[in-house]
Amino acid sequence: MSLEKYSNLNREDSFCYWLERRTEALGSIWGGSSYKFGIYRYKEKPNDTRVVSDDQYAWYKKYLKETAEEAFQIVLSSVVSIATNARNGDFEKIEKDDTLGDVYKWKIAFMYSHGQLVPIFKRQLLEKLAAHFGMEHVKNASYADMQHFIMDQKGDKTLFEYYDDLQEILNANNEEPAYWLFSPGENGCQWQRCLDEGVMCLGWDEIGDYRQYKSDKEFLEVLNEHGQKKNARNDKCAISDFVNKMKIGDVIFARRGLLKIVGRGIVKSDYYYDETAEEYKNLRKVEWTEIGEYDIPLKGYLKTLTNISEKEHFIKELNALFVKEEIIESQGYTEKDFLDEVYIGKDDLSSLRALLKTKKNVILQGAPGVGKTFSARRLAYLVMGEKDTERIAFVQFHQNYTYEDFIMGYKPDGEGFQLREGIFYKFCRKAQSDPERAYFFIIDEINRGNLSKIFGELLMLIEKSYRGKEHAVRLAYSDEEFYVPENLYIIGMMNTADRSLAMIDYALRRRFSFFDMNPGFNSDGFRKYQSSLKNERFDNIINAIKQLNEVIREDDSLGSGFCIGHSYFCNKPADDKYWLSNIIMYDIKPMLEEYWFDNKEESKNQIEKLKKLLDD
C-alpha cells in the first residue's frame with residue numbers, strides 16, 4: 001500500500017476513508033481528530049505542536065522522521081503488525097503497539113480478526129459492557145482483557161446478533177440522551193404537522209402498527225412484501241430504532257432534504273400508533289424547543305431516522321446552530337446590521353420598510369436563493385429594533401393547509417376529538433396582550449395555500465383598515481369574538497420560479513404589497529463578504545453566475561423571476577474543500593435542467609461553463 005493509497009483527504013478509495021466511513025455498520029470511528037491516522041493529508045496546514053508537516057502531509061513528532069514517506073513506513077509497519085496479530089489472536093501484542101491511537105488501531109484489529117473481537121472501540125464503552133457482565137477492576141483492565149471477557153459471554157449467537165445485544169445494553173445503561181437526525185416526510189412535508197401537534201412521525205403506513213413485529217427480521221420481511229426492497233435494510237433500522245431504541249429525553253434534530261436543519265426537540269413519549277390519522281400514523285410526542293432554517297451538509301445521512309450519538313463533533317456543530325441564535329437574540333438591531341446581513345441596497349430597504357409599515361402585509365417575491373426567508377426575519381428585527389424571536393411566528397403553507405390548522409378546529413387526541421387553537425389564533429392573542437410592541441407573522445410559500453380557505457372569516461380582518469377590536473368577528477368553532485390586532489404585521493414569501501403557481505389569488509393581491517427580491521451580487525454587503533474570502537475561484541464562479549443571470553433574464557420563457565440568488569454562496573464552511581462544487585452540482589445544475597427542460601443543449605452548455613471553472 002502506498003502513502004497516497006493510505007492517506008485520507010476525502011479520498012473515497014483510501015484506506016483511511018474506508019476504515020472510518022465506509023465501514024460504519026461495523027462500528028463507527030467517524031469524526032474526531034485526523035491525528036488518529038498517524039499520518040494524513042491536510043486541507044489547511046495544521047497549527048499543532050504534536051505534529052510536523054511538509055507541503056502535503058502531517059505526522060506525529062514522536063516518529064522522529066523528516067519526510068512523509070519515512071513517517072508513513074512506521075505507520076504502515078504498525079498497520080501490518082496489528083492486522084497480523086489480530087488474525088492470529090495475539091491481542092496482547094496489539095495492546096503494546098502505541099504507534100496509532102487506540103480507537104483507530106482496534107478498528108483495524110477488528111477488521112482482520114475473523115470475528116474474534118466485538119466491533120466496539122471506545123474504552124469507556126468496553127468498560128461499561130465488561131462491568132455489566134461482572135468483570136472486576138475494569139478501570140485497570142487492558143483492551144485485550146476486556147475484549148476476551150466480553151467475547152466469552154457471546155454463547156451461540158452470531159457476532160452481529162451479539163453486537164445488537166451489546167448496543168441495547170449500552171443504551172439501557174446510558175443516562176445521557178441519545179441524539180437523532182430525523183426527516184419529517186419526504187422533503188419535510190410533515191414538518192408543519194410535527195410543529196402543530198408536537199410530534200415526530202414515520203410513514204410506512206401500509207405495514208400498520210410497528211409493535212406487531214417482534215424482530216428486525218420481521219420488519220425486513222414485511223417491508224419486502226410491500227415493495228420496499230430498494231431501501232428495506234435502512235427502513236428496517238429506522239423503524240426498529242423508532243420503536244425500540246429511542247427513549248424519552250432523547251434529542252431530535254429535524255432536517256429538510258440533504259442540506260437543511262429546521263428544528264431541535266426533546267422526545268416526550270414512547271411510541272404509539274394513531275389509526276385516526278390520515279397518514280404517517282406512527283408517532284412519538286416531541287417538544288420542539290427550537291425552530292429555524294440552517295444550511296448544513298447532510299448528504300452522508302440518508303435514512304429517515306439516524307442515531308448520531310457517537311458523532312460528537314457533528315452534534316456540537318448542530319447544537320451550535322441554535323446556540324448561535326440564542327446568544328444574539330437579545331442584541332439591538334439597526335439598519336447597518338440589516339444591510340450587512342441582507343444583500344440589498346439602502347434605497348430598496350427604505351422602500352420595503354415603508355411598505356410594511358403602511359400596508360402591514362407584505363410579500364417578498366423572488367427566485368430561489370435570493371434570501372427571502374432570511375430577509376423576512378431580519379426585516380422583523382429591524383422594525384423591532386432588536387432580535388426578539390418571541391415576537392415572531394413562522395408557518396409554511398401548502399395545498400392541504402386548512403382553517404383548522406391555522407385558526408381553530410377539532411383534532412383527534414387518541415380518545416376522541418378536541419377543539420384546538422391554531423398557530424395564527426394563538427399568535428394574535430399573544431400580540432393582543434402586548435399592544436405597545438410589534439409582532440410579526442411570517443408565512444413561507446404563501447401562494448401555495450388557499451387563503452380564503454385558511455383565513456376563513458379573518459381574511460377581511462388582516463387588511464389594515466379592518467384591524468382592531470371594533471372590527472371583531474365571531475369565530476365559527478368557539479363562537480367567541482376575535483380580531484387581528486393593529487400591532488401584528490404579516491410577511492409572506494413567494495417563489496417566482498415555481499411554474500405551477502403562475503396565477504395568484506386576487507384575495508392575495510388585494511391585501512398585500514409585493515416587493516421584488518433580486519440577486520444581491522452587486523450589493524455593498526455581498527461585495528464586502530466576497531472580498532473577505534480572498535478566493536479567486538469563488539470570484540470566477542460569481543462572475544459566471546452574473547452572466548448566467550443575464551441569459552436567464554433575456555430568455556422569453558424565463559425572465560428575471562428565475563435568476564439564481566446569492567444565498568447559495570453565503571455562509572462558506574471553514575473547512576469544506578468541495579463547498580463550491582456541491583453548490584454547482586447539487587443546487588444549480590438541477591435547477592438549470594428544470595429551467596431548460598425543453599432545451600437540454602442550453603442547460604448542458606451553461607452547466608459545462610460552471611464545471612470548467614471548478615476544474616481550473
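The ellipsoid that matches the Cα gyration tensor of segment 179-327 has semi-axes, each √(5λ) in whole angstrom, of 26, 16, 14, with the longest given first.
Helix 68-88 and the longest principal axis of the Cα set of the chain meet at an angle near 70°. Entry note: the chain has Rg to Rh equal to 1.01, where both radii use alpha-carbon atoms and Rh is the Kirkwood radius.
Which links in 107/303; 528/589; 154/236; 247/453; 62/107 stretch past 31 Å when you go from one Cα to the other? Over 31 Å Cα-Cα: 247/453. Across segment 3-172, Cα-Cα distances exceeding 30 Å account for 21% of all pairs.
Here's the list of aspartates and glutamates a cross-link from residue 61 could span, going by alpha-carbon distance under 13 Å and ignoring same-chain residues fewer than 8 apart: 48, 70. To make sure I understand the rule: partners must be aspartates and glutamates, Cα under 20 Å from the Cα of residue 604, and not fewer than 8 residues away in the same chain. Which ones qualify? Counting by Cα, and skipping residues close in sequence, residue 604 has these aspartates and glutamates nearby: 550, 554, 555, 556, 587, 593, 594, 615, 616.
Seen against the Cα atoms of the chain and their longest principal axis, helix 536-554 is set at about 40 degrees.
What's the longest piece of the chain with no exposed GluC sites (Glu not before Pro), counting a site as exposed if DSSP puts it in a loop and it has at most 16 other beta carbons within 10 Å?
It runs 487-616.
Stokes-Einstein diffusion for segment 524-615 at 37 °C, viscosity 0.692 mPa s, with a Kirkwood radius from C-alpha pairs, works out to 237 µm²/s.
The aspartates and glutamates within cross-link reach of residue 105, meaning a Cα-to-Cα straight distance under 14 Å and a gap of 8 or more places when in the same chain, are 20, 90, 92, 95, 97. Charges were assigned to the Cβ only: +1 to each Lys and Arg, -1 to each Asp and Glu. The resulting dipole of segment 377-480 about its Cα centre is roughly 340 debye. Pairs exceeding a 29 Å alpha-carbon distance, out of 311/411; 311/372; 268/360; 372/430; 316/357: 311/411; 311/372; 268/360; 316/357.
List the trypsin sites (Lys or Arg not before Pro) within segment 107-172 that DSSP assigns to loop and that have no more than 16 neighbouring Cβ atoms inside 10 Å.
Sparse-neighbourhood loop trypsin sites (Lys or Arg not before Pro): 122, 154, 157.
Its Cα gyration tensor gives segment 335-517 an equivalent ellipsoid. The semi-axes, each the square root of 5 times an eigenvalue, are 28, 19, 15 Å from largest down. Ordered from longest to shortest, the equivalent ellipsoid semi-axes for segment 368-417 are 31, 16, 8 Å, each the square root of 5 times a Cα gyration tensor eigenvalue. Axis angle, to the nearest 10 degrees, between helix 216-225 and the longest C-alpha principal axis of the chain: 50 degrees.
Where a number appears in this text, it was derived from the coordinates with a stated rule and is not lab data. None of the values given here were measured: they were computed from a predicted structure. Every residue, glycine as well, gets a Cβ built from its backbone with ideal geometry; the counts of neighbours run over all protein chains shown.
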